[in-house]
Structure formats: structure tokens, C-alpha cells
Amino acid sequence: MNNIIEHFKTIAAIPHCSREAERLFEFLKEFALRQGYEVETDDAKNLLISRGTPKLCLQAHYDMVCMGKAPNIEIYEEDGWLMAKDSSLGADNGIGIAMMMELMEQGRELEFLLTSDEEIGLIGANALAFDLQSKMMLNLDSEDEAEVYIGCAGGADITAIKSFDTLADERPAYKISVSDLPGGHSGVDIDKDIPNAIKLLADYLGTISYSLVSIEGGERHNSIPANATAIIKSGIRPNATGLIQIEAIECNEAILRNGEEIVDLIGRFRHGVWATNEALQIPEQSINLAIISAKEGICRIDTSARAMSADGLAEVAETKVRFFQEFSFDTQAHNKYPSWKPQITDFTRLVEECMGEVFGTSKMMAIHAGLECGIIGEKYPSIKFASIGPTIRYPHSTREKVKIDSVDKTFELLENVIAKIADSSRIE
């Protein structure tokens, strides 16, 4: 199975951050053509690769969340895990793409659907209009071995913007920072008590006397913030404490009139899990306070809401819109995508059976993150869906890693599923 890791390393060497994955798009297109596959593309830079009369479509996205030094990715192995030095790894979803490349080299009669810009709002999946032949689709974007995923959360981004007057202030200036926190995926890691740098910074500011010049924090809308910085002016030098770093600086910028309202808003923002789905043992509703930028009179806050149902998502989004409006922010919910309602089918049972044969155990699960199955299922209601993947930890962060032997076993599982579908009359 080392071919898969080598394919992954090839992918990792080609920059493919969201919105900037053109080179990988071209590489994958040419790779498939060299293996003798037909290739279709669309205006959203999705790829449909096929051969023969396939029964099964494998699906993955080819963009990645770039954190730290990415897209300059330096891969290394440690204790059976593949990791990247000071950057996100891109195993989400590069390992799925690498498995597809191995199957193309084997000449398998399959469809391969590679979507664009999944990490910034499932943009490619929303634009799909291909004529798919397969009646089954196996998504390769989940992150726990020995689990068959049959449902996922829906989501929406909520953005709030407000203008502030500015005032001259000649007092000393200080830079207050929280940096290099663990970070993590705003869906699958939202219940893991990972600290939010923006919230920690606001908590500290609430204990001192100051006027706010600016505040910046967060990295991506779908990542738990690892870094946040405020510049303040005060007649009293603040003291460093815990994770808080203080630096006296030269600053001639004006302060934000009533800028303390921004810090009050952050302090009152209910970040994290709102409700738990006891049956699935995953979050039911959550929201991530993702990014803030307040400087030169303009404050913008970006958040990402998730829920396992349409009603639950509407509740979180509407509550947060009202919350921001209480502070006189102009607010918009956008980049909405549907949840994937859990459903057991003959296809999911076949995948679970194969899972048990490879791993010795298997269970059907739902995930508190956005998989493209929800959107694609609305466009192609006759297709049956399931999702699998190797064990990946801390995606969307510089701690991201993938378990190497899990990659091997997951590919073995994938080959078994392909073989059983080719021989099976169980699935209509």
C-alpha cells in the first residue's frame, strides 16, 4: 500500500489550498487521461473521471485547509503517523484522492468524482451537473476507521459587520496576544474542549482598563482559532498572565470609540456545542467563533454554525443573527449546505459488512461536520450514499495527522467493497 502514501506525497507537493488548487486540478486531469479514463470538467473545476459502465462512484474533494506554512508541506513520519512540520497536512482529503489514483493505475471500472472548494462552502458540490452513471456513491472524506458514516451535519456561515467612529489617543500602546493554541476542526473537534484564542483574549481584556485600537483573530471559518491579537492604549501597563503575552509598542493609530462593546460581544458569544444528539453521541448543534477583524473603524466577525437537522441549523443561525443585531451589527447568513439525514440501505449494510471483515468491528455513524453527500444527494436522489476514511486527527490545524496502517486497511476495505459490488445482486 506504499503506493498510496507516495501518491499522497505527490499531491502534497502541489499547492492546493482552497481557491488556489488550479495546479492540482490540471495534474489530476492529466493523470486520469494517462491512465486511459474519460474526463469531464465543469465551470466550478469539478472533475468526473470514468471508464466503462461503472456501478460505483468514489467521491472526494481536492482542496485543503492551509494552516501554518502550508502549502509548503514538509511530511514526516512519527510513531506510525504521517504528519507535517508546522503546517496542516492535507490528509483531509488528499488521502482519498491518493486512493483514487491507485485505483486508476489499476484500471478499475469506476466513476471518480473530485469536487472543488469543499472547505470554503462545498462550492463544487453545489455546482454539480454531471450525468452520473453509478447508483451508489462512496465518499472518502470521513476520519475514523472501522466506522461507516451515513449522515452528517448541515451548516451555514454567519457574518456580522459594524462601523465604529475613531478617536485620537496619545496614551502608551500595548500588543496583547494569545498564540499557537492547538486549533482544530470546527465540526469534529468542537466538543473536545479546545480553547478558542479569540475568547481567551476577550476574557483577559475584560479584566483590565483600556481603549481598543484593533483586534485580529482566527485563521479559517472552519477552524477553531489558534491565534488572536489586540492592540490597546492604556495609562496602566497590563500584566502578562497564563497564555497572555504583553508587548509595549509604538502606535499612532486612533482608538475605536466604544470598542469595548466588541470585547463584550465576544465575551457573551456562546461558542461551542449547543446541544448533543444522545442517540448518535455527537453534537446536535454548535457554532464556532472563527475570525474577527476590528481596525480602522470596521469590525467584521465570521462564525460557522452546524446542526444535524434543518430545523436545528435554522435555530442556531436565527439566534446568532438576533444576537449580533442586539449589538447593531449588520448580519448575513450565507454558504448554507444541507445536513445528510442518516439512512440505512442495502449499500450501507454491504459497506459495513466489508468493514467488519477488514477491521474485525464496524458501526454506522453520523458526523458533526459537512460531507458533500447531503448536497449531492439532493441533486441525485436515486443514488445511495455512504462515507468511509482512515483515521485522521486534528484536521484544519497544524497538528493534523493520519494513521499509516489505517490508510492501508481502509484501502483494503475499499477494494473489498468494489469487488462485492461487482459480484453482488443484492443492491438494486
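The values are calculated or read from the model by the stated rules, or taken from the named source; none is laboratory data. On a predicted model such as this, the values are computed, not experimentally measured, just so you know. Quick reminder, even Gly has a Cβ in these numbers, built from the backbone with ideal geometry, and neighbours come from all protein chains shown. Surface accessibility is based on the protein's heavy atoms, side chains included, excluding ligands, DNA and RNA. Shrake-Rupley method; radii C 1.70, N 1.55, O 1.52, S 1.80 Å.
So, with +1 on the Cβ of K and R and -1 on the Cβ of D and E, and no other charges, what is the size of the charge dipole of the range 1-138 about its Cα centre, to the nearest 20 debye? Present the calculation step by step, with values, prior to reporting the outcome.
Values: 12 positive and 24 negative charges, 51 e Å.
In total the dipole reaches around 240 debye.
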For the range 49-56, 3J(HN,Hα) per residue [Karplus equation, 6.51 cos²θ - 1.76 cosθ + 1.60, θ = phi - 60°, Hz, x = Gly/Pro]: 10, 8, 8, x, 10, x, 9, 10
Charge dipole (the range 1-68, unit charges on Cβ, about Cα centre) - positive-most of Ile5, Gly36, Cys57: Ile5
Leading residue at positive end of dipole, the range 107-258 (Cβ point charges), from Ala129, Gln245, Leu110: Gln245
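Which of the GluC sites (Glu not before Pro) across the range 259-320 are loop residues per DSSP, with 10 or fewer other Cβ within 10 Å? Please list the in-between numbers first.
Values: sites: Glu260, Glu261, Glu278, Glu284, Glu296, Glu315, Glu318; in loops: Glu278, Glu296.
Sparse-neighbourhood loop GluC sites (Glu not before Pro): Glu278.
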Of Pro342, Gly218, Ile367, farthest towards positive along the dipole that unit charges on Lys, Arg, Asp, Glu beta carbons give the chain: Gly218
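For Gln332 and Gln133, compute 0.36 nm times the residue count separating them, minus their Cα-Cα distance, and round to one decimal in nm.
67.9 nm
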FRET E, pair Glu105, Leu280, Förster distance 41 Å, beta-carbon r, rounded to 0.05: 0.65
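Hey, with R₀ at 30 Å, roughly what FRET efficiency would Ala13 and Ile208 work out to, going by the Cβ-Cβ distance, to 0.05? Before the final figure, lay out the partial values.
Working: r = 46 Å, r/R0 = 1.55.
Computed FRET efficiency for Ala13 and Ile208 comes out at 0.05.
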Over the chain: helical MRE at 222 nm, DSSP H runs n ≥ 4 each giving -39500 (n - 2.57), nearest 500: -8500 deg cm²/dmol
Chain lengthening between Ser163 and Thr319 when straightened (0.36 nm per residue, less Cα-Cα): 54.0 nm
Cleavage-rule hits, trypsin sites (Lys or Arg not before Pro), the range 211-309, DSSP coil, Cβ neighbours within 10 Å at most 11: none
Solvent-accessible area of Met83 with every protein chain in place, 1.4 Å probe, in Å² to the nearest 10: 30
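With +1 on each Lys and Arg Cβ and -1 on each Asp and Glu Cβ, how big is the dipole of the chain about its Cα centre, in debye rounded to the nearest 20?
Details: 41 positive and 68 negative charges, 119 e Å.
Taking the Cα centre of the chain as origin, the dipole is about 560 debye.
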Phi to ³J(HN,Hα) by Karplus 6.51 cos²θ - 1.76 cosθ + 1.60 over the range 275-288, Hz, x for Gly, Pro: 7, 10, 8, 5, 5, 8, 6, 9, x, 8, 9, 7, 8, 10
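Using the Cα atoms as the points, what is the convex hull volume per residue of the range 106-206 in Å³?
Working: hull volume 23.3 nm³, N = 101.
Here the figure is 231 Å³ per residue.
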Pairs from Lys9/Lys55; Lys135/Lys420; Lys162/Lys295; Lys55/Lys420 whose Cα-Cα separation, in the structure shown, is over 18 Å: Lys9/Lys55
Leu371 long-range amide H proximity, modeled H, under 5 Å: Ala153
Restricting the range 128-219 to GluC sites (Glu not before Pro) in coil, as DSSP defines it, with at most 10 other Cβ within 10 Å: Glu170
DSSP-defined antiparallel bridges as percent of all bridges, the range 43-184, nearest 5: 50
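Nearest 20 debye, what's the magnitude of the dipole of the range 151-190 about its Cα centre given +1 on Lys and Arg Cβ and -1 on Asp and Glu Cβ? Walk me through the intermediate numbers first.
Numbers: 3 positive and 6 negative charges, 6 e Å.
In debye, rounded to 20, the range 151-190 gives about 20.
Shape call for the range 286-428 from the C-alpha gyration tensor, a ≥ b ≥ c root eigenvalues: rounded (a/c under 1.5), prolate (a/b greater than b/c) or oblate? Don't jump to the answer; show the numbers that get you there.
Values: a/c = 3.49, a/b = 1.96, b/c = 1.78.
Taking the square roots of the gyration eigenvalues as a ≥ b ≥ c, the range 286-428 is prolate.
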